[in-house]
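*Asks:* Dropping a structure here in structure tokens format, bear with me for questions.
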Amino acid sequence: PAATEQKLRQVSECVHDAVRAMDQIVWEVNPGNDSLERLLEFMARHAREYLTPLDIRCRHELPTEVPALKISPEARHQLFLAFKEALQNIVKHAQATEVGFTAAIRGDALELTLRDNGQGGAPASQAGADGLSNMRLRLEQLRGECRFESQPGTGARVEFRMPLATLKVKQ
């Protein structure tokens, strides 16, 4: 019975992951989700749905006024995957109990910040060398940048910053 229960749990997790992946794919290809506002809402919902079952508290702060900006499918995809990678790194390495997600429009740029209250440490051990370089490559494709800050015992902070113009659908 214990082995059967463990197998059922594994199957349930696989099904849950598959449903989440399908939800992401459907969301990405739906042209009704091409606005910056919808992207930020989807990211906040994804973070909450991903972290809550792991007993990691998720707080988010989104701008009250978001420019009416249509985002290209490629930009949505790259930005979401970088965000998802940052969340996965927190879960895998930080041993955090709380994550904060903040989105802000500063001048002509979008800034997304993820902070955790985990163990902190050097980028290679905290975010993983591959994870951090993947996030940086995705942001470079958007002519943006990815910054990582962390000190042992103080958690970590990942910031994505990119020009709004690179996110727009090309007319």
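*Asks:* With an 8 Å Cα cut-off and a minimum separation of 6 or more residues, compute the relative contact order for the chain in percent.
*Replies:* Relative contact order of the chain: 21 percent.
*Asks:* Which of the GluC sites (Glu not before Pro) found in the stretch 50-158 are in a DSSP loop and have at most 10 neighbouring Cβ atoms, other than their own, within 10 Å?
*Replies:* Sparse-neighbourhood loop GluC sites (Glu not before Pro): E65.
*Asks:* Give the Rg (one decimal place) followed by the Dmax (whole number) of the chain, computed from C-alpha coordinates and expressed in Å.
*Replies:* Cα radius of gyration and Dmax of the chain are 16.7, 60 Å respectively.
*Asks:* Here is a follow-up. How high is the FRET efficiency between R106 and E49 when r is their beta carbon distance and R₀ equals 25 Å, given to the nearest 0.05?
*Replies:* 0.35
*Asks:* Roughly what would the spin-label model give for E74 and V15, points 7 Å off Cα along C-beta, in nm?
*Replies:* 3.9 nm
*Asks:* Would you mind getting the accessible area per residue of the stretch 72-171, heavy atoms of the protein chains only, 1.4 Å probe, in Å²?
*Replies:* Ligands and nucleic acids excluded, the figure is 47 Å² per residue.
*Asks:* Rounded to a whole number, what % of the accessible area of the chain do carbon and sulfur atoms account for, probe 1.4 Å?
*Replies:* Whole-percent figure for carbon plus sulfur exposure: 52.
*Asks:* Can you give the % of DSSP beta bridges in the stretch 55-146 that are antiparallel, to the nearest 5?
*Replies:* Looking only at bridges with both residues in the stretch 55-146, the antiparallel portion is about 60 percent.
*Asks:* With +1 on each Lys and Arg Cβ and -1 on each Asp and Glu Cβ, and nothing else charged, work out how big the dipole of the chain is about its Cα centre, in Debye to the nearest 20.
*Replies:* 160 debye
*Asks:* Can you tell me what share of the DSSP beta bridges in the chain is antiparallel? A percent to the nearest 5 is fine.
*Replies:* Approximately 85 percent, going by the DSSP bridge assignments.
The values are calculated or read from the model by the stated rules, or taken from the named source; none is laboratory data. Computed from a predicted structure; not experimentally measured. Every residue, glycine among them, receives a Cβ derived from its backbone with ideal geometry; neighbour counts consider all protein chains shown. Ligands, DNA and RNA are stripped out before the accessible areas are found, and what is left, the full protein with its side chains, is counted by its heavy atoms. Shrake-Rupley method; radii C 1.70, N 1.55, O 1.52, S 1.80 Å.
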